[in-house]
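Comments concern the structure below.
The values are calculated or read from the model by the stated rules, or taken from the named source; none is laboratory data. This is a predicted model, so every value here is computed, not measured. As a convention, Cβ positions derive from the backbone with ideal geometry for all residues, glycine included, and neighbour counts pool all protein chains shown. Please note that ligands, DNA and RNA were not included when accessible areas were found on the heavy atoms of the full protein model with its side chains. Shrake-Rupley method; radii C 1.70, N 1.55, O 1.52, S 1.80 Å.
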Amino acid sequence: MILPLPLTLLRGATLPDGRVVDVEIEADTVTAILPAGDAAPTSAELDLTGFVLLTATADPHSHLDKARSWDAIRPPMGDLLSAINSWRDYTATMTEADVAGRARAQVLAMLRQGTTAIRSHVDVLRGADPLLCARALVSVRNELADLVDLELVVLAGPETPDVHVEAALDLGLDLVGGAPHLADDPSADLRRLLAIAERRGSGVDLHTDESLDGAVTLGEFAAIVRGWTQNVSAGHCVRLGTLLPAERDAVIAEVVASRIGIIANPITNLYLQGWDHDSSVPRGLTAVRELLDAGARFAAGADNVRDPFNPLGRSDALETAMLLVAAGHLTIDEAVTAVSDGAREVMGLPVAGATVGAKAEFLAVRGTSLADVVADAPADRHVIHAGRLVATTTVTSRVAAAASLVSQTTAPVSER
């Protein structure tokens, strides 16, 4: 089988609601959903008997320039500031080829697991070559454009000059981003970055209030962008999860009114937050249940993978969904939506999945139900992007039978 492989039919797939269907595709669009067996045979069909068919996963918050750097850096395990310092030390030694190579490997790992759309924050570096990471990520985006939708965000620190933010946008990065909560004056840095975005007509995705205490900028952020037509998101929002109910609910009301998309990052925030707590360690998540119940635009991403900000990670959105259930107390349906349809909506991407007229972006995972595939996260998968099979994984396993079972199956019939 040579990939990518154009498809016109997905046969015998099990949907999350239990229906078994045939899905007809024309180019990159779903044209029909039929009861299983009703579709006419085609020369470009994929048999999905025994597979659960999901909307392809999307990751709305990643750091491809940092990905897979843990082994090279060997940082101490610790909190956000220690991770930032380890990363900054490493950036003085890395090359554009290093960044591109690690980013490429990470994108392909995510694609293999079922993610066909990724939004990555890209550091504007200190030093003589601030756009090194930006150039590397633009090259990777161009190289893999036929396989995955890759959106790039300028990650500007409080010390980053406006001219460097503008230069990164000129280079081809898509959105304005930063981390105002790390600034000496968070409100001033928030307003600075939003002014650049408004001047450029760019969308915005800011790291927001990534701490268990300290600044709360999300409410001000929401008030400023209310009425904007650009797509606007806030990542992390850990502080929101620590506020008392009255203040929390007031901020969430502002978020809903402004249509800011909130992006939780459970893997990284569970790792980075709470190192200074000796007991009753907080979960380090935003207020996921309250945001969903209030009708906020909501998504979740893996954030960092195998770098100073998170030494682990499987590059699998089903891992993120599992943690939303275990640590965020979401239902399985809600958690999977946050890493698929919800993530696509927050990223401003077209509707995808098993709906007539939707984009043919699918992840098929061997299993019997949604709970089954999230629990086991089987490696047997097919990934479809723009109506083409772009990744497939088949695993063969053998397990020795217990001696008692072997003796039963080999005994004469008269002795059974």
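Here are the numbers:
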read-out	value
Top-ranked residue of region 110-152 - restricted to ones that are small (Gly, Ala, Ser) and surrounded by fewer than 19 Cβ atoms within 10 Å (Cβ to Cβ), ranked as farthest from the chain's Cα centre (by Cα)	Ala128
2 or more residues touching a Gly at 6+ places or on another chain (Cβ under 6 Å) and free of Cβ contacts under 8 Å to residues at least 40 places away in the same chain: qualifying helices (runs of 4 or more DSSP H) within region 213-277	245-258
So Leu3, is it in contact (Cβ under 8 Å) with a residue 40 or more places away in the chain and either open to solvent by less than 10 Å² (accessible area, probe 1.4 Å) or of a type in the set (Ser, Thr, Tyr) (or both)	no
Selection status of Ala168, in contact with a strand residue (DSSP E or B) (Cβ under 6 Å, 6 or more places away or on another chain), open to solvent by less than 10 Å² (accessible area, probe 1.4 Å) and free of Cβ contacts under 8 Å to residues at least 40 places away in the same chain	no
Qualifying positions in region 12-24 - surrounded by fewer than 20 Cβ atoms within 10 Å (Cβ to Cβ) and of a type in the set (D, E, K, R)	Asp17, Arg19
Helices (runs of 4 or more DSSP H) enclosed by region 292-402 - at least 3 residues per element that are under 24 Å from Gln106 (Cβ atoms), out of contact with any Pro (no Cβ under 7 Å at 6 or more places or on another chain) and open to solvent by 50 Å² or more (accessible area, probe 1.4 Å)	none
Within region 180-220, tally of residues that are hydroxyl-bearing (Ser, Thr, Tyr), within 17 Å of Glu159 (Cα to Cα) and crowded, with 18+ Cβ neighbours inside 10 Å	1
Contacts under 9 angstrom Cβ, first residue in region 345-370 being under 16 Å from Thr14 (Cβ atoms) and of a type in the set (Gly, Ala, Ser), partner open to solvent by 30 Å² or more (accessible area, probe 1.4 Å) and part of a helix (DSSP H, G or I), 6 or more apart	Gly353/Asp341; Gly367/Ala375; Gly367/Asp376
Single unsatisfied condition, Ala103 versus (1) among the hydrophobic types (A, V, I, L, M, F, W, C); (2) free of Cβ contacts under 8 Å to residues at least 60 places away in the same chain; (3) touching a strand residue (DSSP E or B) at 6+ places or on another chain (Cβ under 7 Å)	(3)
Verdict on Leu173 being under 20 Å from Ala234 (Cβ atoms), touching a Pro at 6+ places or on another chain (Cβ under 6 Å) and modelled with pLDDT of 95 or more	no
